[in-house]
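Please treat every number below as a calculation from the coordinates, not as lab data. Quantities reported herein were computed from a predicted structural model and do not represent experimental measurements. A quick note on method: Cβ atoms are made from the backbone with ideal geometry, for glycine too, and the neighbour counts reach across all protein chains shown.
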Amino acid sequence: MNAPQTPGQPLLEVVDLAVDYQSKSISLPGIRDVSFELRAGEAVALVGESGSGKTTTAMAVAGLLSPNAAVTAGGVRYRGRRLPIDDDDAMRPHRWNDLSVVFQGAMNALNPVQRVSKQIAEPCILKLGMARDEAMARARELLELVGISSERGAAFPHELSGGMRQRVMIAMALACNPSVVIGDEPTTALDVITQAQILKLLTKLRKELNLALILITHDLSVVAESCDRVMIMYAGRIIEDGTVAGIFNNPKHPYTKLLIDSIPDPSTGKRISQPIPGDPPTLQNRLSGCAFRSRCPSAMNICALDLPELGAHEQGRVACHLYPAAAESTRFPSNG
Amino acid sequence: MTETLPATDNRRRIRVRAIKSFLSQFLGHGGARLGVFALILFMAMAAMPNLLVGPLQTAMNATGDFLVSPSQVNLLGTDEAGRDVLNLIVHGARTSLVIALVSTLISLVVGTAVGMAAGYYGRWVDSWLMRMTDFFFVIPSFVLALVITPVVLETIGRSGNILGFRPSLFVIILVIGLTSWAFVARIVRSQTLTLRERQFVERARVLGTSNLKVMLRHLLPNLVPQIAANGALVVANAIYTETALSFLGLGDPLQPSWGTLLALAQRAGAASSGAWWYLGAPGLCVVIVSLSFVLIGNALDDTFNPRRRAIP
Amino acid sequence: MSGGVRGPGGHHVGQVVFRAVITLLMVGVLNFLLFRVIPGDPAAMLLAGARSSVTTEQMQAQRQSWGLDKPLVPDQLVSYLSTTLQGDFGYSFKFRGKRVGELIIERLPETLALAGLAQIIAIIFGIFLGIYAGWRRGGVIDNLTTGTSLALYSTPPFWLGMLLVVGFSTMLGWLPGYGSYSPGAGDGSFLAGLIDRLRHLILPVLSVALGLIGQYVVVARAAMSDVVTEDYMVTARAKGLTNGQMLRRHAFRNALLPVVTLITLNLGYVVAGAITVEAVFAWPGIGSLTVEALNARDYPVLQGIFLLLGASIVFANLIADLIYGLLDPRVR
């Protein structure tokens with residue numbers, strides 16, 4: 001039920017993180033009060049619709065916010081020390097060595113005029129100081145590790161299929177032996193079969209290399225096989241988190257329940273994914289009180305007045321007025 | 001519950017809102033505002049020169065001294081025949097602008113027709129039309145104009161009127177129009193290829209709409225943004241070409257454009273005698289108008305093809 | 001698919017070269033037709049201005065080599081094409097029966113010096129400024145650079161030339177505003193002659209170069225601006241590359257593609273662009289030859305120049321296509 005206990009301090013601690021976006025001299029709230037922990041070897045999923053803040057959170061942790069975004073509160077600790085996510089120069093030694101990112105390979109995330117082996121070898125040369133031949137050899141090793149034959153290393157990105165490009169991104173992310181890998185919707189643009197292959201690959205690598213993984217996705221079905229814990233985000237806040245089993249078997253927040261209900265399940269004969277009615281809020285039009293109340297089947301009067309706080313219960317945390325007792329304790333769950 | 005409006009009212013509202021949104025976005029560009037302002041100024045000059053400075057001064061009725069620098073009497077000085085330079089450039093606005101705009105119109109019409117046909121019909125029509133377009137693209141249009149104009153003028157003669165224009169100006173308009181359409185054609189073709197795959201085209205075809213109607217009523221309105229944005233650049237180019245051709249002597253001294261004025265200035269030795277007002281004024285007008293069109297074209301392009309937004 | 005030379009891109013090279021040859025042929029045919037559609041007797045027209053200076057033997061030879069006694073198409077066309085391919089462009093009228101080919105070759109170096117130097121200067125300054133502006137978008141320097149570049153791009157080079165002459169030659173007297181050398185300047189020493197030539201080059205080169213710089217800055221800046229927002233730049237930043245490394249290893253190469261294409265295409269228009277500037281400075285190159293021929297109705301010369309220009313544009317397009325194929329693997 002619970003994540004396996006790892007002794008010692010957490011690898012990554014995010015504490016009360018808040019990010020704002022600047023748009024034509026007004027500040028728009030991105031994320032608020034985001035706190036969670038990550039231990040070595042753990043895989044956590046950040047789930048939500050577009051505009052939920054999941055990408056903002058992950059990019060903030062990686063220090064990759066766009067120039068019009070800024071951290072306005074809180075911070076991140078890596079191995080107990082403050083991670084300088086707002087300072088590009090100070091962040092540089094951590095990049096790729098400690099924390100790397102697997103972007104969506106379907107996009108233009110690979111340089112179109114460079115061969116993929118060269119791109120994989122690049123961080124080895126620049127960050128680990130390897131000689132060119134050494135780095136290219138390591139690139140070939142990494143390609144084999146992700147299931148691509150090393151001759152394909154001489155290919156350009158457009159010559160590879162979507163699934164292969166994703167594998168290349170994974171190989172590249174592992175180049176400097178990071179401890180934390182962030183996957184930014186790594187399977188979103190792939191077909192179901194390739195998706196399953198990539199997730200299996202990620203799980204295998206994670207176990208072999210004891211990687212900690214943050215997986216961003218809008219698709220809960222992706223989470224079940226590959227992650228230990230799940231965090232659901234809505235309108236820039238975490239509204240529920242817990243273990244995979246806990247969330248799937250016993251979801252508490254109405255939004256989580258709707259998300260799980262919308263997953264197609266062949267065993268119950270439901271074949272088509274049913275979207276949740278209504279639209280997720282944009283940064284500009286979030287509601288006061290509980291942002292979900294306009295789409296919530298269980299909305300009460302208090303939901304329009306008070307923001308529900310994230311509170312702990314035995315299996316995780318939830319922010320909903322339906323669970324008032326949980327709101328009293330807002331510490332992290334003590335792995336219970 | 002909102003009331004549903006009748007369909008035509010709704011459509012009109014949507015269109016008005018779209019136009020308002022476009023205008024506010026377009027005029028949000030500093031360059032666009034400058035360009036539009038300058039253009040309005042010069043259009044006013046071109047529309048009513050007699051109102052602003054009186055009739056065009058000729059060597060006969062010139063009143064000033066020769067090559068006088070700007071003074072209270074002649075705000076922009078005089079030329080070698082005593083004509084007021086301000087008078088000359090205000091009248092020149094009409095000639096330069098009309099030539100540029102009419103020749104651009106020709107380019108746009110021909111280019112759009114060819115580009116749309118090539119993109120829409122595809123296959124061998126596309127292949128042959130594009131070969132022709134590439135050919136016209138490659139021909140040195142300036143030299144072609146340079147060579148054709150005197151030849152045509154010799155056959156037609158330098159006097160009289162063709163459609164309200166002096167022969168040399170008419171030829172210049174035609175020549176510029178016919179040598180710049182290739183640029184438009186290429187762009188229209190690639191846009192058409194993209195649009196052709198869209199649903200509304202499918203729907204129209206399924207309903208049995210004729211090809212011509214599909215092109216005119218469905219494709220063309222969607223092509224307008226691209227055509228407009230590039231059309232501004234075509235005008236800027238047309239101004240430049242006309243100015244250069246006139247500078248080399250192909251213009252008409254009786255209906256002088258800014259380019260012709262520059263030619264007259266050069267021949268009068270304005271450069272070597274330091275008459276900076278005489279050659280500065282017409283050239284500055286060309287720069288301002290050309291730049292205005294470029295700025296407007298860039299702003300239009302930016303409005304219709306916005307760059308990536310950074311807000312998630 | 002056509003046959004032909006197989007290059008690094010397979011059939012790509014062959015197709016492109018083939019198309020260029022066809023286009024060149026079409027330019028030749030157009031050239032032929034242009035000067036044959038002049039009403040009246042073509043020979044009389046073509047030799048009219050030169051009747052006094054061209055000998056009857058030359059006239060007869062021309063009539064024969066041009067095949068003017070035979071039907072227009074295909075005989076005249078074929079003989080025109082074959083004589084042209086052999087390098088015979090006919091005789092000029094204005095210059096007392098001098099061969100057109102010789103005239104062109106005589107005048108070409110001056111134009112190449114002017115246009116070539118201008119291009120080199122423009123490429124160096126324009127690209128560096130443009131890439132810098134595009135990399136660090138925003139700010140006063142960027143806006144100033146972009147605004148000035150747009151203005152320069154919209155300025156007719158010959159007008160700029162006239163202004164420069166008024167300023168630096170007439171008023172300040174620092175530089176000559178006429179011709180490409182002062183007679184007698186090179187009599188003393190080679191160095192003195194060289195300096196004299198350089199002094200004459202400055203203003204015309206500046207006139208051409210400034211407009212080109214404007215164009216290159218605008219294009220390079222736009223290219224770099226586009227590249228900077230691409231996803232692979234985020235990847236580069238995530239990898240922990242420094243700004244310099246990101247620029248050199250990723251941004252530069254990608255931004256270069258449209259810029260290189262533009263430069264290559266521009267090279268085809270080098271002569272055409274020089275025509276008006278040469279007119280202003282009385283520069284003894286192909287440009288002023290064109291104007292002189294125009295004023296004298298020297299059709300053989302005009303014909304030869306038209307062909308030269310057409311060929312250089314076709315050639316430049318060909319090179320641009322090939323280079324683009326080399327630089328962008330997606331196209332191969």
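Numbers at a glance
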| quantity | calculated |
| --- | --- |
| Over the range A:205-270, volume per residue of the alpha carbon convex hull, in Å³ | 103 Å³ |
| Average projection area in nm² (convex hull over Cα atoms of chain B, one quarter of hull surface) | 23.0 nm² |
| Approximate spin-label separation A:Ile26-C:Asn295, in nm, with each point projected 7 Å along Cα-to-Cβ | 6.6 nm |
| The range C:168-267 pair-distance distribution - Cα-Cα, 10 Å bins, rounded % | 14, 26, 19, 18, 15, 7, 1 |
| Value of relative contact order over the range B:155-278, rounded to a whole percent, pairs C-alpha under 8 Å and six or more apart | 21 percent |
| Protection proxy ranking of C:112-121, A:21-30, B:81-90 - average other beta-carbon atoms within 10 Å, highest first | B:81-90, C:112-121, A:21-30 |
| Distance histogram in 10 Å bins (all Cα pairs of the range B:97-166, percent per bin) | 16, 34, 32, 16, 2 |
| Amide hydrogen neighbours beyond the local backbone of A:Val101, cut-off 5 Å, H modeled | A:Ile182 |
| Lone cysteines, the protein assembly as shown (no partner Cβ under 4.7 Å) | A:Cys124, A:Cys176, A:Cys227, A:Cys296, A:Cys320, B:Cys285 |
| Among A:Ile148, A:Pro251, A:Gln166 the positive-end extreme of the charge dipole of the range A:147-286 (Cβ point charges) | A:Pro251 |
| Listed residue pairs exceeding 24 Å between alpha carbons, taken from A:Lys54/A:Lys200; A:Lys200/A:Lys252; A:Lys207/A:Lys257; A:Lys207/A:Lys252; A:Lys54/A:Lys257 | A:Lys200/A:Lys252; A:Lys207/A:Lys257; A:Lys207/A:Lys252 |
| Convex hull volume of the range A:1-133 per residue (C-alpha atoms, cubic angstrom) | 171 Å³ |
| All Cα pairs of the range B:1-123, percent lying beyond 21 Å | 67 percent |
| Chain A: DSSP helices with Cα axial extent of at least 27 Å and average Kyte-Doolittle hydropathy no lower than -0.5 | none |
| Translational D in µm²/s for the protein assembly as shown (Stokes-Einstein at 4 °C, 1.567 mPa s, Kirkwood Rh from C-alpha pairs) | 39 µm²/s |
| Exposure proxy ranking, count of Cβ atoms within 10 Å, fewest first, for A:Lys204, C:Lys239, A:Lys54 | A:Lys204, C:Lys239, A:Lys54 |
| Peptide-level mean, for B:256-267, of C-beta atoms on other protein chains within 10 Å | 2 |
| Per-residue average of Cβ from other chains inside 10 Å of B:131-143 | 6 |
| Gyration tensor over alpha-carbon atoms, chain A, equivalent ellipsoid semi-axes in Å | 34, 22, 19 |
| Descending principal axes extents, the range A:108-177, alpha-carbon based, whole Å | 30, 23, 19 |
| Sequence-distant aspartates and glutamates (8 or more away, or on other chains) whose Cα lies within less than 17 Å of A:Lys204 | A:Glu42, A:Glu141, A:Glu144, A:Glu225, A:Asp228 |
| Alpha carbon centroid spacing (whole Å) that separates the range C:168-221 from the range A:93-112 | 51 Å |
| Span-rule helices in chain B, defined as complete DSSP H runs reaching 18 Å or more along the axis (Cα) with Kyte mean at least -0.5 | B:7-27, B:30-47, B:85-121, B:123-138, B:141-156, B:167-196, B:220-245, B:276-304 |
| Relative contact order of the range B:238-312, defined on C-alpha pairs under 8 angstrom at six or more residues apart (%) | 24 percent |
| Chain B, relative contact order in percent, only Cα pairs under 8 angstrom and at least six apart counted | 24 percent |
| Averaged over C:145-157, number of beta-carbon atoms from partner chains that fall within 10 Å | 5 |
| Whole-angstrom gap from the range A:1-80 to the range B:80-112, using each part's C-alpha centre | 61 Å |
